[in-house]
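See structure below.
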Amino acid sequence: MQSEKIEPQIGFKEPQIDIKEMGAAVREVTSSMTDVVRSEVQLAKAELKDSAGKLAGRAMQVGIFGAIAALGVLPFMAFLVVGLGKILEENYWLSSLIVAVVFLIVGGGLAARAYMKLKDVDYAIPETRGSLGEEKEVVRQKVHQISDATNRRRSA
């Protein structure tokens, strides 16, 4: 028996890449991304419209209620100044000062509270942000699938 000498093969096999399948995969990813962008723009528009509507409604309420309150505040302030002036032995200047300071403190506190409430509202379209994250993951998975398929073909 003669022993046959087996020579190792040097080199590698040239990968066979099907251009048609790669083109179809790229078209699918491009189409998916286009759909994602369109749907996200529509969602963002809807959320912005909703947020703007809420903000406009609240601003209108503040304006109307502020105007109504302003109509009643001036006569009430006059009543307080005159009444306190009588108690302070006709010192109307002192009663005016006391009433003004009290109104400034109360009004400033209420304005600060209203500002904090307005600041706490999330106008940053959270549904669009969440949806974009989901769509990003779908596109990432598709790209990963295409990459895996390409690598399998190269190794085959």
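For region 115-125, enumerate the residues that are surrounded by 13 or more Cβ atoms within 10 Å (Cβ to Cβ) and part of a helix (DSSP H, G or I).
Hit for region 115-125 is 118, nothing else.
So which residues in region 50-107 are in contact with a helix residue (DSSP H, G or I) (Cβ under 8 Å, 6 or more places away or on another chain), part of a helix (DSSP H, G or I) and among the polar types (S, T, N, Q)?
95, 96
Filter region 51-101 for residues that are more than 26 Å from residue 120 (Cα to Cα) and of a type in the set (D, E, K, R) and give the result.
86, 89, 90
Return the pair list, or none, for Cβ contacts closer than 7 Å from residues in region 68-82 that are closer than 18 Å to residue 92 by Cβ to residues that are surrounded by 10 or more Cβ atoms within 10 Å (Cβ to Cβ), at least 6 apart or on different chains.
Close Cβ pairs satisfying both conditions: 77/99; 77/103; 80/99; 81/92; 81/95; 81/96; 81/99.
Just to check your reading of the model, which residue among 149, 111 is surrounded by 10 or more Cβ atoms within 10 Å (Cβ to Cβ) and either under 30 Å from residue 26 (Cα atoms) or at pLDDT below 80 (or both)?
Criteria check complete, one pass: 149.
The values are calculated or read from the model by the stated rules, or taken from the named source; none is laboratory data. What you see is a predicted model, and the numbers here were worked out from it, not measured in a lab. Please note: Cβ atoms are built from the backbone with ideal geometry, for glycine as well, and neighbour counts cover all protein chains shown.
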